[in-house]
1. Please find, among Arg17, Arg7, the residue that is at pLDDT 90 or above, surrounded by 10 or more Cβ atoms within 10 Å (Cβ to Cβ) and on the phi < 0 side of the Ramachandran plot.
2. Could you give me the residue pairs with C-beta distances under 8 Å whose first residue belongs to segment 12-25 and is closer than 16 Å to Lys62 by Cα, whose second residue is assigned to a helix (DSSP H, G or I) and aromatic (Phe, Trp, Tyr) wherever it lies, and which are 6+ apart or on separate chains?
3. Could you figure out which of (1) touching a strand residue (DSSP E or B) at 6+ places or on another chain (Cβ under 8 Å); (2) modelled with pLDDT of 90 or more isn't true of Pro63?
4. Determine if segment 51-60 includes at least one residue that is within 11 Å of the chain's Cα centre (by Cα) and of a type in the set (Val, Ile, Thr).
5. Can you pull out every residue in segment 67-95 that is among the acidic types (Asp, Glu) and either modelled with pLDDT of 90 or more or closer than 17 Å to Phe25 by Cβ (or both)?
Amino acid sequence: MGSDDLRNKVESRQRKRERALEIAFALLSTTPEGLTVSYIANTISKACRFRCGVNTLGQFMKPHIDSGDVEKHSTDIGHIYWKLPVVYIPEMETN
């Protein structure tokens with residue numbers, strides 16, 4: 001296995017990660033109440049040629065959750081879901 005093979009694997013892995021993040025943020029932006037992590041992972045797996053599990057997706061999203069770009073919540077029965085934070089837009093005064 002040469003260095004070109006290794007480079008191609010690393011680049012392929014990076015493209016998969018970018019594609020998974022792109023799909024996850026697109027799904028989250030369309031649903032203000034949030035989506036379960038398993039639903040997002042299943043949708044990514046169906047949309048792409050690679051399997052994206054819940055744990056793998058969690059690793060991809062961890063920097064975004066830690067920075068506050070994505071809010072992490074859990075339901076009463078313990079299912080974890082993510083949603084985008086509400087952006088506060090101040091009301092404009094009209095006269």
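The values are calculated or read from the model by the stated rules, or taken from the named source; none is laboratory data. Bear in mind that the values here come from a model prediction, so they are computed numbers and not experimental data. Please note: Cβ atoms are built from the backbone with ideal geometry, for glycine as well, and neighbour counts cover all protein chains shown.
1. Of Arg17, Arg7, the one residue that is at pLDDT 90 or above, surrounded by 10 or more Cβ atoms within 10 Å (Cβ to Cβ) and on the phi < 0 side of the Ramachandran plot is Arg17.
2. Arg17/Phe60; Ala20/Phe60; Leu21/Phe60; Ala24/Phe60
3. (1)
4. Yes, there is a match, as at least one residue in segment 51-60 is within 11 Å of the chain's Cα centre (by Cα) and of a type in the set (Val, Ile, Thr).
5. Pass one, segment 67-95, residues among the acidic types (Asp, Glu): 69, 71, 76, 91, 93.
The answer is Asp69, Glu71.
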